[in-house]
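No lab work stands behind these numbers, since they all come straight from the coordinates. It should be emphasised that the depicted structure is a prediction, and the values quoted were computed from it without experimental measurement. Using ideal geometry, Cβ is built from the backbone for each residue, glycine included, and neighbour counts are taken over all protein chains shown.
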Amino acid sequence: MRMVDLIEKKRNGQSHTKEEIRFIINGYTDESIPDYQMSAWAMAVFFQDMSEEEKAWLTEAMVHSGDTIDLSAIEGVKVDKHSTGGVGDTTTLVLAPLVASIGVPVAKMSGRGLGHTGGTIDKLEAIKGFNVEISNDTFIELVNKNKAAVIGQTQNLTPADKKLYGLRDVTATVNSIPLIASSIMSKKIASGADRIVLDVKTGAGAFMKELSQAKKLAEAMVTIGNNLGRQTSAIISDMSQPLGFMVGNALEVKEAIDTLKGEGPEDLTDLCLTLGSHMAVLAGKAESLERAKDILQEAIDSGKAIEQFKVFIAAQEGDATVVDYPEKLPQASYKIDVLSEIEGFVSGIVADQIGTAAMLLGAGRATKSSEIDLAVGLELKKKIGDTISIGEPLVTIHANSENISEVKSKILKSYKITPLEVEAPELIYDVLT
Ligand code: URA
Ligand code: CA
């Protein structure tokens, strides 16, 4: 087989066989296929798309390009959740203890990565003592005992995806549905998930700005999952503004604690109950989504969910008293309000601008070696549909420096305010099972 022939085939709109896709992915991983040929092929896929079968084969080939995690020693059906990314998305911190409290095993592997705020691991490290550097054996033991544990990712998962994603980033081929869908699904499958729940975001702050594109991506991923024997469901949710009120590491831990106590923001609570219901149904813990939602709500109301969070924190050497005394979480030195300069109704909050503002404060990593400041971040005081008058706070900045003029101007630019009354957006646009 020659790569040049396969590029031509795809360029002409024909489909690959399973063997051809394996040849491409294995060759790219072992460097017998160079970047320039892979770039040309990715561009051909961008224009010509892939069949359902090709997408499943591509995903499978990427899964097998590196290590795969075996979670079979964990009792029960392992359901993993994936979000296509947003700003202030605190759902993992809420969902892990919430679904664990009703008996769904949560074996979470997480990386640090780049972003507006840290990843789940960074957020958990805002809790004093919390240790994610545990052995695989301890990890499995903890999930079996407490139904939830988090481990830092050390294995070499999906190297083909890492290389290809990097190449796509510099060749204008990121935004291709077959390439995005196979990239995301290969990572979930390699990390050992039996079943998968996807939260595909749409809106100004999301990867997929248009609802129609978000739907296509969700359909592609659900089909890949089902074709590879991993039952998958997806919801499409709103990212026309950040989720919840808090954007930052310690701040989001506080928000997760509130939500597990039943005192969290409405949008975050609803989204967690919806995603949690899908997880519970896929794990066989409830016969219907409605029933699952009732069981999860009951876990919050009875205090079972927040108790589970304490057990989970303590099991990984963290200070579980933060649950009752959240003021023990890292606190920023300055709290500075950003005041509105106009009056009207909030009609949009450009989430990625808010994310960048949080990153400028030090809440996220701009480069791999940047240090995160766990205490800093943003607290939104107004969301879409709210009224605002001149001089009223839009956001409270939690900073460790008084030099925040750039952060302030980003926040003011991200808030869209109109004189006309605006309704709060729908949270969930669609569900695919
Ligand atoms: N996220 C991923 O993991 N892969 C993509 O291709 C796009 C977003
Ligand atoms: Ca949040």
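Region 213-287 and region 380-417 have Cα centres spaced 26 Å apart. Nearest 10 degrees is fine. How inclined is helix 405-414 to the longest principal axis of the chain, computing both from alpha carbons? That helix lies at roughly 70 degrees to the long axis. For region 265-358, the gyration tensor built on C-alpha atoms gives an oblate shape. Its axis ratio a/c (a ≥ b ≥ c) is at least 1.5, and a/b is not larger than b/c. Shown in residue order for region 36-46 are the 3J(HN,Hα) couplings computed by the Karplus curve 6.51 cos²θ - 1.76 cosθ + 1.60 at θ = phi - 60°: 5, 6, 5, 4, 5, 5, 4, 5, 5, 5, 3 Hz (x for Gly and Pro). Taking the chain as a Gaussian network of alpha-carbon nodes connected by springs under 10 Å, the highest mean-square fluctuation of the residues S191, S65, S302 belongs to S302.
Coupling constants for region 162-178 follow from the phi torsions by the Karplus curve (6.51 cos²θ - 1.76 cosθ + 1.60, θ = phi - 60°), and in residue order they are 4, 5, 5, 4, x, 5, 4, 4, 10, 10, 6, 10, 5, 7, 10, 4, x Hz; glycine and proline get x. Amide H to amide H distances under 5 Å link D337 with I397, where only residues 5 or more positions off or on other chains count and H is placed in the peptide plane. Take the Cα of T367, step 7 Å toward its Cβ, do the same at A424, and the gap between the two points is 4.2 nm. Give the angle, between 0 and 90 degrees and rounded to the nearest 10, that separates the Cα long axis of helix 249-260 from the longest principal axis of the Cα atoms of the chain. That helix lies at roughly 80 degrees to the long axis.
Residues whose amide H comes within less than 5 Å of that of V106, counting only those at least five positions distant or on another chain, are A148, A149 (H built at 1.01 Å from N in the peptide plane). Of K187/K328; K10/K187; K81/K163, which ones are farther than 27 Å apart at the Cα? Violating the 27 Å Cα-Cα cut-off are K187/K328. Treating r as the C-beta distance of V77 and V431 and R0 as 25 Å, the FRET efficiency rounds to 0.80. Mean residue ellipticity, 222 nm, helices only, the chain: the sum of -39500 (n - 2.57) across DSSP H runs of n ≥ 4, divided by residue count and rounded to 500, is -13500 deg cm²/dmol.
Whole Å is fine, so just give me how far the alpha carbon centre of region 154-194 lies from that of region 1-71. Rounded to whole Å, the Cα centres lie 12 Å apart. Per-residue 3J(HN,Hα) values for region 233-242, derived from phi via the Karplus relation 6.51 cos²θ - 1.76 cosθ + 1.60 with θ = phi - 60°, read 10, 9, 10, 10, 10, 6, 10, 7, 7, x Hz in sequence order (x marks Gly and Pro).
Can you tell me how region 123-246 classifies by the Cα gyration tensor, rounded, prolate or oblate, using a/c under 1.5 as the rounded cut? Prolate is the answer for region 123-246, as a/c is 1.5 or above and a/b outweighs b/c.
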